[in-house]
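One structure is given below, encoded as structure tokens.
Each reported figure results from applying straightforward, stated rules to the coordinates on display, with no laboratory input. Not measured: the values here are computed from a predicted model. Don't worry about glycine lacking a Cβ; one is built from the backbone with ideal geometry, like all the others, and counts go over all protein chains shown.
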Amino acid sequence: MSNFEFIRATDIHSACSALKNPGYMAVAGGSDLIVKIRNGMYPDLKGLVDLSGLEQLNQIRTDENKVIIGSGCTMNQIVNDRLLQDYFPVLTKAAATVGALQIRNSATIGGNVANASPAGDTIPALYVLEARVVVTGVNGSRKIPIEEFFISPGKSKLEPGEIIEGFRLLLNKTRGEFLKLGERRAHAISKINLAVSTWNDGRDHYRIAMGSVAPTVLRCKEAEEYLENCEKISPEAIARAAEIASNTARPISDLRSTKAYRKQMAGVLLSRALNKLIQSA
Amino acid sequence: MQNNLIKISFKLNGKQVESEVLAGMTVLELLRRNFRLTAAKEGCGKGECGACTIMLNDQPINSCLKLAATLKNDDEIISVEGFNEDKLMNNIQQAFVEEGAVQCGFCIPGMTITSYHLLQNNPNPDEHAIKQALSGNICRCTGYRKIEAAVKKAADRRHE
Ligand SMILES: Cc1cc2nc3c(=O)[nH]c(=O)nc-3n(C[C@H](O)[C@H](O)[C@H](O)COP(=O)(O)OP(=O)(O)OC[C@H]3O[C@@H](n4cnc5c(N)ncnc54)[C@H](O)[C@@H]3O)c2cc1C
Ligand code: FES
Ligand code: FES
């Protein structure tokens, strides 16, 4: 699998111009790409552009009221970051469930999102934090709300010659939970996953997103509104929200799971997540 | 055909080394072929078994999922061979032998590297922490109980 060129990117601009060439792909951690190349999924591959040497992509920094997470940050870097733990626990919890330790040391958040898998674990967390994807090409950057970034499984709005530079989040303190069901704990591609975040600015806000229950990750706005209008998050309210989530899900049956199971589990995961949030309040 | 060789330089088991690699070569292949370091094994070649685990900058990674060409000057790789003189590693290896945690041995280089990282960061791991830490290392022989016991024993013995 060696019949292609390898380019070590030294700056974003030259990385993007190399990626404009047909058959050129970015590589970050490689945890996903290398296996796919081995399996012959990219017969037309002409070159890899290695982004891992671009220091500015490997950092988590704040800018006024925003946090910018570089696309090259690994899952473990995210898990161990104090600011993210404090402000966006839903994201650190999601990153902690990706693969085993060895995978989390390689897998990057940019690669997870660029893959555009409906099962990518950081994606629902970025949905509920209303992240913006900073997409950069030779002509500069554009910011795409994460909910508008995905088109279909494996397909996003990234154009040839563009990379994900990072993710911008509003520096807003949230509480959150991330839960997933998978086959085997350490290596699970999620059968279904769910992220919830909540914050209070005088009143309670809720954000809910689910993965693997539709071609792209799904926000569950109806359940969010229902919860925001509840006086108190009682056991009845949780049951009702779970029912709404279950009805929102429009999953398929595939190798990993059936449709009916996924629909039911969407509700179960939401009620578990809400109970956890209440207990930790 | 562009069989371009890429020059790399990095630190391997304490020494700065150089090599020339093809774009698609993994760090696992680099160690085994170019450096004849055969402790790290290819079990699955897709990130699932941990037999190829090595340390990259003090963090365990699957060397089957890292391209050799991505190695940089200041990257430091340590394979089990690089731990030959290391007290903690010797203690772990000894405990594995004593507890009967080694059968065919295929998974052991990876198991011991991951255990090493665990004990470096958590000198007193409980059963849950051990299981969690080793969840990316598969053993098809021992059934894990003896491996967990060995890690526990290595931890206890450090405090004697
Ligand atoms: C054993 C195993 C277990 C796994 N478990 C999980 C899991 O539990 N949850 C989960 O979500 N995923 C899991 N994965 C999938 C994978 O590890 C993740 O999706 C990871 O985050 C990918 O990141 P990477 O840096 O390794 O990507 P790479 O393999 O380097 O790249 C993946 C894709 O993204 C593109 N890309 C990478 N970075 C950029 C960028 N900055 N801009 C534009 N395009 C880019 C590449 O061109 C490529 O198409 C697992 C993989 C393995 C092998
Ligand atoms: S050979 Fe690398 S994880 Fe199995
Ligand atoms: S001892 Fe044989 S695989 Fe672990």
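Would you mind checking the pairs A:LYS66/A:LYS93; B:LYS46/B:LYS153; A:LYS263/B:LYS66; A:LYS263/B:LYS46 and listing those with alpha carbons more than 26 angstrom apart?
Correct reply: B:LYS46/B:LYS153; A:LYS263/B:LYS66; A:LYS263/B:LYS46.
How long are the semi-axes of the equivalent ellipsoid of the stretch A:175-280, taking √(5λ) for every eigenvalue λ of the Cα gyration tensor, in whole Å from largest down?
Semi-axes (√(5λ), whole Å): 24, 14, 11.
Kindly provide the helix-only [θ] at 222 nm of the protein assembly as shown, computed as the sum of -39,500 (n - 2.57) over DSSP H runs of four or more divided by all residues, to the nearest 500 deg cm²/dmol?
Rounded to the nearest 500, it is -9000 deg cm²/dmol.
Nearest 0.05, what FRET efficiency do B:CYS141 and B:GLN120 give at R0 = 35 Å with Cβ-Cβ as r?
The value I calculate is 0.85.
Let me spell out the model: positive unit charges on the Cβ of Lys and Arg, negative unit charges on the Cβ of Asp and Glu, origin at the Cα centre of the stretch A:56-170. What dipole size does that give, in debye rounded to 20?
With only Lys, Arg, Asp and Glu charged at Cβ, the dipole is about 80 debye.
How big is the charge dipole of chain B about its Cα centre, in debye rounded to the nearest 20, if each Lys and Arg gets +1 on its Cβ and each Asp and Glu gets -1 on its Cβ?
300
Tell me which aspartates and glutamates have Cα within less than 18 Å of B:LYS41's Cα, excluding those fewer than 8 residues away on the same chain?
Once the sequence-local aspartates and glutamates are set aside, what remains near B:LYS41 is B:GLU29, B:GLU81.
With the cut-off at 44 Å, report for the protein assembly as shown the share of all Cα pairs above it, as a whole percent.
Roughly 13 percent, rounded to a whole number.
Rank these for me by crowding, B:GLU127, A:GLU231, going from fewest to most other beta carbons within 10 Å.
Lowest count first: A:GLU231, B:GLU127.
Quote the relative contact order of the stretch A:5-50 in percent (integer), defining contacts as alpha-carbon pairs under 8 Å separated by 6+ residues.
Taking the mean separation of contacting Cα pairs over the length of the stretch A:5-50, I get 60 percent.
Taking only the Cα atoms of chain B, how large is their convex hull per residue, in Å³?
106
Please give the length that would be gained between A:ILE278 and A:ILE151 if that part of the chain were fully extended, namely 0.36 nm times their separation in residues minus their C-alpha to C-alpha distance (nm, one decimal).
42.3 nm
Summarise the partner chain shielding of B:57-69 as one whole number: the mean count of Cβ atoms from other chains within 10 Å of each residue's Cβ.
6
So what's the projected area for the stretch A:56-170, the Cα convex hull averaged over all directions, in nm²?
6.7
Which residue, A:SER141, A:ALA15, A:LEU101, has the largest displacement toward the positive end of the dipole of chain A when charges sit on each Cβ (Lys, Arg +1; Asp, Glu -1)?
Positive-end residue among those listed: A:LEU101.
At a 10 angstrom cut-off on C-beta neighbours, averaged per residue, how do the peptides B:75-86, A:116-127, B:19-30, A:10-21 rank from highest to lowest?
Listed from highest to lowest mean packing, they are A:116-127, B:19-30, B:75-86, A:10-21.
As an exercise, identify the trypsin sites (Lys or Arg not before Pro) in the stretch B:83-160 lying in DSSP coil whose Cβ has no more than 15 other Cβ atoms within 10 Å.
Counting only loop positions with at most 15 other Cβ atoms within 10 Å, the trypsin sites (Lys or Arg not before Pro) in the stretch B:83-160 are B:ARG140.
In debye, nearest 20, what is the charge dipole magnitude of the protein assembly as shown about its Cα centre with +1 on Lys and Arg Cβ and -1 on Asp and Glu Cβ, if you could check?
So the dipole magnitude of the protein assembly as shown works out to roughly 860 debye.
Using the Cα atoms of the stretch B:5-81, I'd like the radius of gyration and the largest Cα-Cα distance, Dmax, both in angstrom.
11.1, 30
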